[in-house]
Structures are given as C-alpha cells and as structure tokens.
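Colleague: After the structure tokens below, expect a handful of questions from me.
The values are calculated or read from the model by the stated rules, or taken from the named source; none is laboratory data. All figures in this text were calculated on a predicted structure; none of them were measured in a lab. In this analysis, Cβ positions are derived from the backbone assuming ideal geometry, glycine residues included, and neighbour counts consider all displayed protein chains.
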C-alpha cells in the first residue's frame with residue numbers, strides 16, 4: 001500500500017442548525033471540492049450533531065473527497081471537554097451509502113473516526129479548545145473559531 005500526501009483546505013467557519021462549524025476539506029490536489037458535494041454534505045451535517053448539553057455549540061468537520069467517494073466526519077464538543085464523533089459517507093455502498101451518488105449521504109454504522117488524512121485537525125482542535133475554552137477564566141468561543149489549522153499538505 002502506497003502512501004502519499006493530500007492537501008487540506010480551510011473554508012471559513014459557518015453556522016449550521018445553530019452550531020458553529022469549523023470546516024476542513026481534504027482531497028488529492030487541494031482544489032475546491034465541488035459545490036454540489038459540499039451543499040449535500042452540509043445539508044446532512046445536522047444529522048450528525050449531538051443533542052445540546054450546555055457545552056458551547058461548536059463542531060469541526062472534515063469533508064474528504066476520495067477516488068471512491070466522499071466522507072464527512074463531524075467532531076462536536078460535548079460535556080465541556082469531550083469530543084463527540086459521528087461520520088458519514090456518500091458514494092460508497094460498501095460503507096453503507098445508499099448508492100454510488102456522491103450527494104446521497106448515510107451515517108456510518110462502523111465506529112470509524114477518520115483516516116490518516118482526516119486526523120490532523122483533531123490534534124489542532126484539541127489544543128485550540130483547551131487554549132481558548134478551558135484555560136481562560138472566561139471561555140472565548142470567537143477566539144476558538146478563529147484558530148484554524150493552516151492549509152497545506154496532510155497525512
């Protein structure tokens with residue numbers, strides 16, 4: 001099995017269904033993921049959010065376009081300092097997608113949290129959450145949302 005680096009893009013954070021969402025996009029060449037795929041993924045995203053529990057409503061996602069299909073990993077902050085993870089795929093029937101259409105999403109039943117190209121944001125986001133939300137006397141959600149992993153090679 002060969003390993004190669006992929007490229008990370010970092011679109012601006014958005015609010016979806018009342019949650020602040022920091023977005024990371026991964027693909028082979030670093031080009032923008034097709035807007036139709038993005039719209040379908042972010043329309044499905046609220047299905048991956050946890051129930052509100054009093055933790056500031058913040059999530060970071062990794063949208064990963066591969067040769068086989070598209071993955072959407074939703075990592076939401078929960079219970080103040082716990083990372084809640086739910087993942088979905090489109091276009092990959094082997095993993096539970098309804099068909100090969102890259103806009104038809106289904107949550108993964110397998111307990112997968114991400115591949116080697118999807119995991120780098122977790123380390124950054126963990127440190128960012130501690131730095132801006134847990135260490136200060138007053139949590140600073142705006143500072144957390146502005147603290148993004150830089151674009152570039154990942155893996």
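Colleague: Exactly one condition in (1) surrounded by fewer than 18 Cβ atoms within 10 Å (Cβ to Cβ); (2) in contact with a strand residue (DSSP E or B) (Cβ under 6 Å, 6 or more places away or on another chain); (3) over 16 Å from residue 113 (Cβ atoms); (4) free of Cβ contacts under 8 Å to residues at least 60 places away in the same chain is not met by residue 54; state its number.
Modeller: Here residue 54 clears every test but (2).
Colleague: Out of (1) under 17 Å from residue 25 (Cα atoms); (2) part of a strand (DSSP E or B); (3) under 15 Å from the mean Cα position of the chain (by Cα), what's the single condition that is false for residue 153?
Modeller: Among (1) under 17 Å from residue 25 (Cα atoms); (2) part of a strand (DSSP E or B); (3) under 15 Å from the mean Cα position of the chain (by Cα), the lone unmet condition for residue 153 is (3).
Colleague: Here's another thing I want to ask about it. Within the stretch 9-22, is there a residue that is closer than 24 Å to residue 94 by Cα and either surrounded by fewer than 18 Cβ atoms within 10 Å (Cβ to Cβ) or in contact (Cβ under 8 Å) with a residue 12 or more places away in the chain (or both)?
Modeller: The answer is no; no qualifying residue exists.
Colleague: Can you pull out the residues in the stretch 104-122 that are in a strand (DSSP E or B) and surrounded by fewer than 19 Cβ atoms within 10 Å (Cβ to Cβ)?
Modeller: 106, 107 - these are the residues of the stretch 104-122 that are in a strand (DSSP E or B) and surrounded by fewer than 19 Cβ atoms within 10 Å (Cβ to Cβ).
Colleague: List the number of the failed condition for residue 89; all other conditions in (1) under 17 Å from the mean Cα position of the chain (by Cα); (2) touching a residue at least 24 places away in the same chain (Cβ under 8 Å); (3) closer than 27 Å to residue 15 by Cβ hold.
Modeller: (2)
Colleague: Can you tell me which of (1) under 23 Å from residue 124 (Cβ atoms); (2) in contact (Cβ under 8 Å) with a residue 60 or more places away in the chain is the one residue 76 doesn't meet?
Modeller: Residue 76 satisfies all of (1) under 23 Å from residue 124 (Cβ atoms); (2) in contact (Cβ under 8 Å) with a residue 60 or more places away in the chain except (2).
Colleague: Here's something else I'd like to know. Can you say whether residue 12 is in a loop (DSSP other than H, G, I, E, B) and closer than 18 Å to residue 151 by Cβ, as far as the supplied structure shows?
Modeller: It is true that residue 12 is in a loop (DSSP other than H, G, I, E, B) and closer than 18 Å to residue 151 by Cβ.
Colleague: Looking at 101, 80, which one is under 20 Å from residue 43 (Cβ atoms) and over 14 Å from the mean Cα position of the chain (by Cα)?
Modeller: 101
Colleague: Now for a different question. Looking at the stretch 131-142, is at least one residue surrounded by 19 or more Cβ atoms within 10 Å (Cβ to Cβ) and either in a loop (DSSP other than H, G, I, E, B) or under 18 Å from the mean Cα position of the chain (by Cα) (or both)?
Modeller: no
Colleague: OK, next. Please work out which one of (1) more than 20 Å from residue 20 (Cβ to Cβ); (2) touching a residue at least 40 places away in the same chain (Cβ under 8 Å) is the condition residue 144 fails and give its number.
Modeller: Residue 144 satisfies every listed condition except (1).
Colleague: Inspect the stretch 25-48 for any residue being at pLDDT 95 or above and at positive phi and give the result as yes or no.
Modeller: Looking for residues that are at pLDDT 95 or above and at positive phi, one finds none in the stretch 25-48, hence no.
Colleague: Is the stretch 37-52 home to any residue that is out of contact with any helix residue (DSSP H, G or I) (no Cβ under 8 Å at 6 or more places or on another chain) and in a strand (DSSP E or B)?
Modeller: no
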